[in-house]
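Coordinate-derived values only; no laboratory data. It should be emphasised that the depicted structure is a prediction, and the values quoted were computed from it without experimental measurement. Backbone-built Cβ (ideal geometry, glycine too); neighbour counts: all protein chains shown.
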Amino acid sequence: MMNRTSLVLLNCCTLLVVGLSQVHADDPRPNVLFLAVDDMNDWIGCLETTPCAVTPNIDRLASRGVNFTNAHTAGVFCAPSRAAIFSGQYASTTGCYSTPNYFVGHPEIESLPMSFAKAGYTTLGAGKLFHHPAGAIDQRGWTEFFLRNQFQRENGWPLESWSSETPFPSRFPASVYNEGQAITGGLFLEWGAIPNEKEDAMADSIRINWAVEQLKKKHDKPFFLACGIYAPHFPNYCPQKYFDLYDPAKIKLPPYKEDDLQDLPLKVRRQKENRKRQHHDKLVKLDAVDDAIHGYLACVSYADAMMGRVLDALESSPYADNTIVVLWSDHGYHHGEKGDWGKHTLWERTSNVPFIWAGPGVANGIMTDVTVSLIDMYPTMVEICDLPKPQQRLEGESLASTLKQPSAAKDRNVFLPHMNPGEYAIINRDWRYICYGEDGEELYDLGTDPNEWNNLASDEKYVDLKAELRKSAPVTFAVPEPSLNLRKDLLVEGETFRWVKGKGNYTPLPKYLPYDSGGAPSSGDRIKKSK
């Protein structure tokens, strides 16, 4: 029999649960947990690819939602992809083929966070949602945007995911690819383990822990909580335990074809042959292809663990039943396929991305190959969260009905712009058509040639098919937005910034801070803002 003390405690717990479940009960609109990863291709467990990363948390999310196996980026590298996602418009409309700063040349564009803010949502952001350099974050519409330190806030909000305050491997450079070389910019093809005890000192861990804390708070209004991490973008540095998930001797390499580049348009073939010599052939010579892939898989697993922290926090919060979760990667990544290491291409390895939705109004445990694009996120949010339509025309399609009933969705063509006007891909479930303007074209039958090894563009029997696919491309392409100069054009004002052509007072950091002779990051002074 229950005693009086136990009964009182039970009543108190019941009241607490009831109280928590009634958080913003007068507003039935769902919360949104918007989770971004960087450079993650489709090598995750729930997509059943080869190689296949250990991703139990992302797999768990997919098991309770809709897992799009044929989802594609909206831009071929970080800057244009994220500009398209947050503006709802392709580079062919905004001119942001290589710049993330749609909000500079087109201040009339209302970003996705702005639409949430106008709808009365609390908007919370952290990490790599926009691009990572100073001046790349659209500050408008955020209730709060988290930055790790005061320096970032006072210098144009650079993300500084790898800087003197973040842990590095004990040896630098850590990978055999860069051994004995001075790294002057970027940490391309760098991989290595960090001590496990330093995991929470990593920039991505700090951002994720902040997002977890937001889910522990009481929110009187529906919230849009967005958190982006840098992993598994190079450098592939992460704690040792994630490297230990894999036996290097048993890692399966992706499929390669020796003469894969021979049927490409001449200009593209020469570019890719040169890139292959620089990177893939060097890795082959060093017998390090599997080592590089090991580092990438380890960082995919680290990213999965970080997503798991947030998903666990959501599940134990009062918001679990009324929160839509969206997980996306800005684009995929080549690991030697078509001789390439990186993104920037119009092929499957760049375009195909993890894209998972779960929560109220979303079917449970469904895998679908209907063709979709990341640009569809904005119009989908407008519909399911009852957001006001922004001033600009949204170029994606709402996925609301597809999320409810994936089996009824009809396949469609999706558009993917390249880095210059007139260059693009048109993709559907069966075909990929690539146009390089006057520099040639490619066509792949994805049903019989999923690796895109056989370019059919020169076959006369596909003339009508190519013409039909071209109808899904824009008739006109915007002129590229001019590049901006951090030193001359970024005006820093206290803890905020704005772009003013020729009026800046910002002296940017080196992309990566200097290193001392011992191979570890130095604690040298940062470059300060000029007076």
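Taking +1 at the Cβ of each Lys and Arg and -1 at the Cβ of each Asp and Glu, which of Val104, Cys46, Trp431 sits farthest along the dipole of the chain towards its positive end, judged by Cα position relative to the Cα centre?
The one lying farthest along the dipole's positive direction is Val104.
Any aspartates and glutamates with Cα under 18 Å of the Lys503 Cα? List them, leaving off those in the same chain fewer than 8 positions away.
Here the aspartates and glutamates satisfying the reach criterion relative to Lys503 are Glu154, Asp489, Glu493, Glu495.
Any idea what the relative contact order of the chain is, in percent, if you count C-alpha pairs under 8 Å spaced at least 6 apart?
On the way: 1129 pairs, mean separation 129.0, N = 531.
Over the chain, the number comes to 24 percent.
For a footprinting-style exposure proxy, rank Arg270, Arg60 by other Cβ within 10 Å, fewest first.
Working: Arg270 12, Arg60 19.
With the sparsest Cβ surroundings first, the list reads Arg270, Arg60.
To make sure I understand, if each residue's beta carbon is the centre and we count other beta carbons within 10 Å, what order do Met40, Met307, Met114 fall in, fewest to most? Walk me through the intermediate numbers first.
On the way: Met40 29, Met307 25, Met114 21.
Sorted ascending by nearby Cβ count, the order is Met114, Met307, Met40.
Hey, got a sec? Which chymotrypsin sites (Phe, Trp or Tyr not before Pro) in the stretch 447-495 land in a DSSP loop and have at most 15 other Cβ atoms within 10 Å?
Those satisfying the criteria are Trp453.
Please find the FRET efficiency linking Lys503 to Lys118, where r is the Cβ-Cβ separation and R0 is fixed at 35 Å, and quote it to the nearest 0.05.
My answer for the efficiency is 0.75.
Which whole number of Å³ per residue matches the convex hull of the alpha-carbon atoms in the stretch 405-461? Walk me through the numbers before you get to the answer.
Values: hull volume 6.6 nm³, N = 57.
Hull volume normalised by residue count: 116 Å³.
Report the trypsin sites (Lys or Arg not before Pro) located in the stretch 70-168 that are in a DSSP loop and have at most 14 other Cβ atoms inside 10 Å of their Cβ, or state none.
Arg140
Round to the nearest 0.05 the FRET efficiency obtained for Ser458 and Arg412 when R0 = 35 Å and r is the Cβ-Cβ distance.
Working: r = 26 Å, r/R0 = 0.76.
Plugging the Cβ-Cβ distance into 1/(1 + (r/R0)^6) gives 0.85.
Test of understanding: what is the full-extension gain from Phe151 to Lys221, defined as 0.36 nm times their sequence separation minus their Cα-Cα distance?
Roughly 22.1 nm would be gained on extension.
Specify the inter-centroid distance of the stretch 167-216 and the stretch 345-390, based on alpha-carbon positions, in whole Å.
When both Cα centres are located, 30 Å separates them.
Return the equivalent ellipsoid semi-axes of the stretch 28-146 as a descending list in whole Å, where each equals the square root of 5 times an eigenvalue of the C-alpha gyration tensor.
Gyration-tensor ellipsoid for the stretch 28-146: 27, 19, 13 Å.
Could you let me know the centre-to-centre spacing of the stretch 36-56 and the stretch 429-479, using Cα atoms, in angstrom?
27
Please arrange Leu35, Leu147 by counting, for each residue, the other beta carbons lying within 10 Å of its beta carbon, fewest first.
Leu147, Leu35
Using the Cα atoms of the chain, I'd like the radius of gyration and the largest Cα-Cα distance, Dmax, both in angstrom.
23.4, 86
Could you order the peptides 91-101, 207-217, 318-328 from most to least packed, using the average number of other C-beta atoms within 10 Å per residue?
91-101, 318-328, 207-217
Which of the helices in the chain meet the span-like rule: DSSP H, Cα axial reach of 24 Å or more, Kyte-Doolittle mean at least 0.5?
Qualifying helices, which must be both long enough and hydrophobic enough, are 4-21, 289-315.
Rank by packing, highest mean first: peptides 294-301, 369-376, with packing defined as the count of other Cβ atoms within 10 Å averaged across residues.
Values: 294-301: 27.2, 369-376: 23.0.
In decreasing order of mean packing, 294-301, 369-376 become 294-301, 369-376.
Just want the answer: with Cβ charges of +1 for Lys and Arg and -1 for Asp and Glu, which residue in Asn454, Phe223, Phe151 is farthest toward the dipole's positive end in the chain?
Farthest towards the positive end: Phe151.
Of all GluC sites (Glu not before Pro) in the stretch 138-168, which ones are in loop regions per DSSP and have a Cβ with at most 11 other Cβ atoms within 10 Å?
Within the stretch 138-168, no GluC sites (Glu not before Pro) qualify (loop, at most 11 other Cβ atoms within 10 Å).
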